[in-house]
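What follows is a short report on a single structure.
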Amino acid sequence: SYDINNLFELDGLEISVLDSRVAPTNWEQLVQFARAEYEHLTIPDSVFTNTALSKESFEIAISDRALVLLKHLNDYMGDRAAGGNEGPIARQIIDDYFTGSNARFSGESPTNQNDFRAEMTFQDPENQQRDIFAHWHGKISRRYFRLHFEWPIASNETKIKILYLGPKITKR
């Protein structure tokens, strides 16, 4: 005998499939999972091969929070039209997560930008001749992790480049 969910609406089926996925158990699986889920993000292998992350033990709470932040960035890009025009979902994400005293995404202070410029500069995963200064980050309060990404996004871009996940760079 087998238990079978009787799903007859597409929304219910989609939720059931999403809930049945196996959660990541290491940093590489987290990146692979995010790549499969979020079509509007570019996440290079360097995110999980980075020594700052690879020496850190995997923790599901950090993974879950990173996935939430990545979803917000993916949803933002998914609601941008040609020329970079933001739709209502993108504007709401900016209002909810990029502004205010409890913003989940922010740029580093000018002092930290100067003091940690080299540490926050990453090779462009799509152009080895270009470096990206990525001081914008998503905040993960657990163990003071950060998720650095390219920001602002050029009007012709269709994806956000995720360049770092790991311990807070500006914490010495």
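The values are calculated or read from the model by the stated rules, or taken from the named source; none is laboratory data. Note that the structure is predicted; figures quoted are calculated from it, not measured. Note that we place each Cβ from the backbone using ideal geometry, even for glycine, and neighbour counts take in every protein chain shown. The accessibility values were calculated without ligands, DNA or RNA, using every heavy atom of the protein model including side chains. Shrake-Rupley method; radii C 1.70, N 1.55, O 1.52, S 1.80 Å.
Apart from one condition, S63 fits all of (1) touching a strand residue (DSSP E or B) at 6+ places or on another chain (Cβ under 9 Å); (2) open to solvent by less than 20 Å² (accessible area, probe 1.4 Å); the exception is (1).
Could you tell me whether the range 86-97 includes any residue that is aliphatic (A, V, I, L, M), part of a helix (DSSP H, G or I) and open to solvent by 40 Å² or more (accessible area, probe 1.4 Å)? Give the derivation first.
Initial filter on the range 86-97 (aliphatic (A, V, I, L, M)): 89-90, 93-94.
Applying the additional criterion that residues be part of a helix (DSSP H, G or I) yields 89-90, 93-94.
Keeping just the survivors that are open to solvent by 40 Å² or more (accessible area, probe 1.4 Å) gives 89.
Yes, the range 86-97 contains at least one residue that is aliphatic (A, V, I, L, M), part of a helix (DSSP H, G or I) and open to solvent by 40 Å² or more (accessible area, probe 1.4 Å).
Filter the range 108-124 down to the residues that are of a type in the set (A, V, I, L, M, F, W, C) and open to solvent by 50 Å² or more (accessible area, probe 1.4 Å) and list them by number. Once the filter is applied, which keeps residues that are of a type in the set (A, V, I, L, M, F, W, C) and open to solvent by 50 Å² or more (accessible area, probe 1.4 Å), the range 108-124 yields only A118.
Restricting attention to the range 103-152, the residues that are among the hydroxyl-bearing types (S, T, Y) and over 15 Å from the mean Cα position of the chain (by Cα) total 4. Filter the range 27-45 down to residues that are within 17 Å of H72 (Cβ to Cβ) and of a type outside the set (A, V, I, L, M, F, W, C) and give me whichever is surrounded by the fewest Cβ atoms within 10 Å (Cβ to Cβ). Selected residue: E39.
Of the listed requirements (1) exposed (fewer than 12 other Cβ atoms within 10 Å of the Cβ); (2) part of a helix (DSSP H, G or I); (3) touching a residue at least 12 places away in the same chain (Cβ under 8 Å), N156 misses just one: (2). For T170, the conditions (1) touching an Asp or Glu at 6+ places or on another chain (Cβ under 7 Å); (2) within 16 Å of S46 (Cα to Cα) are fulfilled apart from (2).
For the range 71-85, taking the residues that are assigned to a helix (DSSP H, G or I) and open to solvent by 90 Å² or more (accessible area, probe 1.4 Å), the one that is modelled with the highest pLDDT is identified as K71.
The rows are residues; the columns are (1) in a helix (DSSP H, G or I); (2) under 25 Å from A90 (Cα atoms); (3) at pLDDT below 95.
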site	(1), (2), (3)
D3	no, no, yes
F8	no, no, yes
L13	yes, no, yes
Q29	yes, no, no
R35	yes, yes, no
E39	no, yes, no
P44	no, yes, no
L53	yes, no, no
S57	no, no, no
